[in-house]
Amino acid sequence: MPKIVDHDRRRAEIVQTTWRVIARRGLDGATLREVAAEAGYANGALKPYFPAKADLLEATFRHVFARTNARISAATDGLDGFDALRAFCLEVLPLDPNRLDEARVVITFWQQALRDPAQAEVNDAAMAQWRTNIRTWLDAARRSGQTTAPVSVETAAETLLSFLLGTQVAAVFDPAFNSTDQLMDQLDSQLQLLHG
């Protein structure tokens, strides 16, 4: 009797392995052969699940973004305004080894998105979702009087998003300086500016 394979589970295992390999070895080190070996599969066993490396990278980015969004959803549940905004930021900032690994994968993905319009669309959709969340929480903060900053919600949202993306790059390239305490101080400073 042939063995029954759970294809969704196998795809998830491959993606989990891929993001760990990219985090440790970078994109060049994440060959299909290396990912297959790390996952315990024969070379070529990934092809039925991910015909090309670009497919695997896109699935991996989607996975990392989904992990972050799951944390954001749990952390912001029942919150609004600046409370939700701060909780959101704490889930995006690379404050622990897992989130730092996620940042390494995202930075690698940005390289791909520069050359591949399909990959760029994935990134654009992810950032659009975050922008919407940030604007919603800033609008709520403004309505409730939590902020009197003269800057527009759109400008404030974009400034905060740029800060968060920048911390991912800074923490990957200089984790010793960009410690948890340093990143938290930077976040508090950013949010204080938005309070007005």
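The values are calculated or read from the model by the stated rules, or taken from the named source; none is laboratory data. Just so it is clear, the model here is predicted, and its values are computed rather than measured. Glycine also receives a Cβ, built like all others from the backbone with ideal geometry; neighbour counts cover every protein chain displayed. Accessible surface areas use protein heavy atoms only, side chains included; no ligands, DNA or RNA. Shrake-Rupley method; radii C 1.70, N 1.55, O 1.52, S 1.80 Å.
Restricting GLU91, GLU154 to residues that are farther than 23 Å from GLU58 by Cα and charged (D, E, K, R) narrows the list to GLU154. Give the number of residues within the range 149-196 that are of a type in the set (Ser, Thr, Tyr) and touching a helix residue (DSSP H, G or I) at 6+ places or on another chain (Cβ under 7 Å). So the answer is 1. Taking first residues from the range 46-63 that are over 14 Å from ARG9 (Cα atoms) and partners that are charged (D, E, K, R) and open to solvent by less than 70 Å² (accessible area, probe 1.4 Å), the Cβ contacts under 7 Å between residues at least 6 apart in sequence or on separate chains come to ALA54/ASP116.
Looking only at residues of the range 30-56 that are under 26 Å from LEU114 (Cβ atoms) and among the hydroxyl-bearing types (Ser, Thr, Tyr), we find that the one that is least open to solvent (accessible area, probe 1.4 Å) is TYR49. The listed residues are ARG135, ARG104, and the only one of them that is basic (Lys, Arg), at pLDDT 90 or above and farther than 21 Å from ILE14 by Cβ turns out to be ARG135.
Residues in the range 84-101 that are within 12 Å of ALA171 (Cα to Cα) and not hydrophobic (A, V, I, L, M, F, W, C): PRO94, ASP96, PRO97, ARG99, ASP101.
Matching residues to (1) closer than 22 Å to ARG20 by Cα; (2) among the hydroxyl-bearing types (Ser, Thr, Tyr); (3) surrounded by fewer than 19 Cβ atoms within 10 Å (Cβ to Cβ); (4) touching a helix residue (DSSP H, G or I) at 6+ places or on another chain (Cβ under 7 Å):
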| position | (1), (2), (3), (4) |
| --- | --- |
| GLU58 | yes, no, no, yes |
| THR76 | no, yes, no, yes |
| PHE88 | no, no, no, yes |
| PRO97 | yes, no, yes, no |
| THR108 | yes, yes, no, yes |
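Against the condition over 21 Å from the mean Cα position of the chain (by Cα), small (Gly, Ala, Ser) and under 24 Å from MET127 (Cβ atoms), how does GLY81 come out, does it pass? Against the criterion (over 21 Å from the mean Cα position of the chain (by Cα), small (Gly, Ala, Ser) and under 24 Å from MET127 (Cβ atoms)), GLY81 qualifies. In the range 1-30, of all residues being without any contact (Cβ under 8 Å) to a residue 12 or more places away in the chain and not in a helix (DSSP H, G or I), the one that is farthest from GLU102 (Cα to Cα) corresponds to MET1. The combined condition, being of a type in the set (D, E, K, R) and under 18 Å from ARG71 (Cβ atoms), is fulfilled by GLU102.
So that you can scan it fast, the table gives a plain yes or no per residue for (1) farther than 24 Å from ALA59 by Cα; (2) touching a residue at least 40 places away in the same chain (Cβ under 8 Å):
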{"position": "LEU100", "(1), (2)": "no, yes"}
{"position": "THR108", "(1), (2)": "no, yes"}
{"position": "ALA125", "(1), (2)": "no, no"}
{"position": "SER179", "(1), (2)": "yes, no"}
{"position": "MET184", "(1), (2)": "yes, yes"}
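Of the residues LEU165, LEU183, LEU193, LEU161, which single one is open to solvent by 30 Å² or more (accessible area, probe 1.4 Å) and under 18 Å from GLU102 (Cα atoms)? Give the derivation first.
Working: LEU183 fails: open to solvent by 30 Å² or more (accessible area, probe 1.4 Å); LEU193 fails: under 18 Å from GLU102 (Cα atoms); LEU161 fails: open to solvent by 30 Å² or more (accessible area, probe 1.4 Å).
Residue meeting the stated conditions: LEU165.
Here is the figure for the range 65-90: residues that are in a helix (DSSP H, G or I) and without any contact (Cβ under 8 Å) to a residue 12 or more places away in the chain total 5.
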